[in-house]
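Down below is the structure, laid out as structure tokens.
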Amino acid sequence: MVVNTPAGQPFLSIIIPALNEQRRLTENLPRIDAFLSQQPYTAEVIVVENGSTDDTVGVVQRFAQTHPYVKLYAGEPRGKGRAVRRGMLAACGDYRFICDADLSMPIEEIAKFLPPHLGNYDVAIGSREGSGAHRYGEPFRRHFIGRVANFLIKLLAVRGFEDTQCGFKAFTRAAAEDLFGVQRINGVGFDVELLFIAQKRGYHIVEVPINWYYDPESKMRLFQDSLGVIGEIIEIRRNWQGGRYLRAK
């Protein structure tokens with residue numbers, strides 16, 4: 001069974017940003033619970049709801065009644081970056097994992113991001129590219145636009161990584177508290193911002209090849225959101241030059 005007492009700190013925190021995720025969370029919170037119940041470590045799940053018009057809040061509240069390790073932060077303003085930041089800074093885990101509600105990466109893959117399978121890192125990026133990674137069911141056009149966007153991100157902001165935008169990433173406690181403490185981008189470009197700052201800080205960043213399944217109901221507006229990220233990169237660079245990412249004293 002999952003154990004997470006108020007007096008203790010969990011080993012793993014799973015942070016799920018949730019905007020109109022009633023259906024997905026109804027299906028996937030039990031899947032997460034089934035996985036965690038088989039693990040030897042303690043865990044918490046933090047769902048950050050931000051602007052839903054469906055029953056996302058009710059789904060999480062009802063599940064949390066019988067699964068007290070699930071925590072809900074509701075009524076946050078919209079913006080995935082804002083929601084993830086809220087969850088990461090509220091988390092208590094030694095490792096803190098961003099997890100999209102659709103579980104396009106099966107929850108069992110989390111083991112790839114944790115000791116003993118993986119250690120000695122500050123930030124671990126789930127990667128759908130490269131050796132050992134597999135994409136299932138993704139249309140060619142979507143993949144092509146994603147690769148173009150990644151090329152531009154590497155050219156303008158974060159070099160050395162093949163998949164900065166995957167919605168599954170892990171952070172150590174120290175890295176999470178530092179990076180999310182200065183993160184400013186509230187939109188989808190927050191991933192690029194975090195990795196940009198992490199590289200500037202000299203953090204050890206690794207890519208973790210994953211199995212990823214395309215969801216035809218994905219809320220990612222690939223073309224519009226990719227253009228939006230490019231605009232946010234300009235903001236990120238201005239923030240860096242303006243000293244807005246300095247560590248708190």
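Every number in this text was worked out from the coordinates using simple rules, so none of it is lab data. Values in this document were obtained by computation on a predicted structure and should not be read as measured data. Every residue, glycine as well, gets a Cβ built from its backbone with ideal geometry; the counts of neighbours run over all protein chains shown.
Considering only region 175-196, state which residues are farther than 13 Å from THR164 by Cα and free of Cβ contacts under 8 Å to residues at least 60 places away in the same chain.
Of the residues in region 175-196, the ones farther than 13 Å from THR164 by Cα are 175-187.
Matches in region 175-196: ALA175, LEU179.
Being among the hydrophobic types (A, V, I, L, M, F, W, C) and over 25 Å from HIS134 (Cα atoms) is the filter here; which residues of region 160-208 pass it? Let's see the steps before the verdict.
Of the residues in region 160-208, the ones among the hydrophobic types (A, V, I, L, M, F, W, C) are 161, 166, 168, 170-171, 174-176, 179-180, 182, 185, 188, 190, 192, 194-198, 205-206, 208.
ALA174, ALA175, ALA176, LEU179, PHE180, VAL182, ILE185, PHE196, ILE197, ALA198 - these are the residues of region 160-208 that are among the hydrophobic types (A, V, I, L, M, F, W, C) and over 25 Å from HIS134 (Cα atoms).
I want to confirm something. Restricting to region 128-177 and keeping residues that are charged (D, E, K, R) and assigned to a loop (DSSP other than H, G, I, E, B), which single residue is surrounded by the fewest Cβ atoms within 10 Å (Cβ to Cβ)? Residue satisfying both the conditions and the ranking: ARG159.
Of the residues SER52, SER13, which is surrounded by fewer than 22 Cβ atoms within 10 Å (Cβ to Cβ), at negative phi and out of contact with any Ser or Thr (no Cβ under 6 Å at 6 or more places or on another chain)? Spell out the reasoning first.
Details: SER13 fails: surrounded by fewer than 22 Cβ atoms within 10 Å (Cβ to Cβ).
Testing whether each residue is surrounded by fewer than 22 Cβ atoms within 10 Å (Cβ to Cβ), at negative phi and out of contact with any Ser or Thr (no Cβ under 6 Å at 6 or more places or on another chain) leaves just SER52.
When you look at GLY119, is it out of contact with any Phe, Trp or Tyr (no Cβ under 9 Å at 6 or more places or on another chain), assigned to a loop (DSSP other than H, G, I, E, B) and free of Cβ contacts under 8 Å to residues at least 24 places away in the same chain, yes or no? Criteria met by GLY119.
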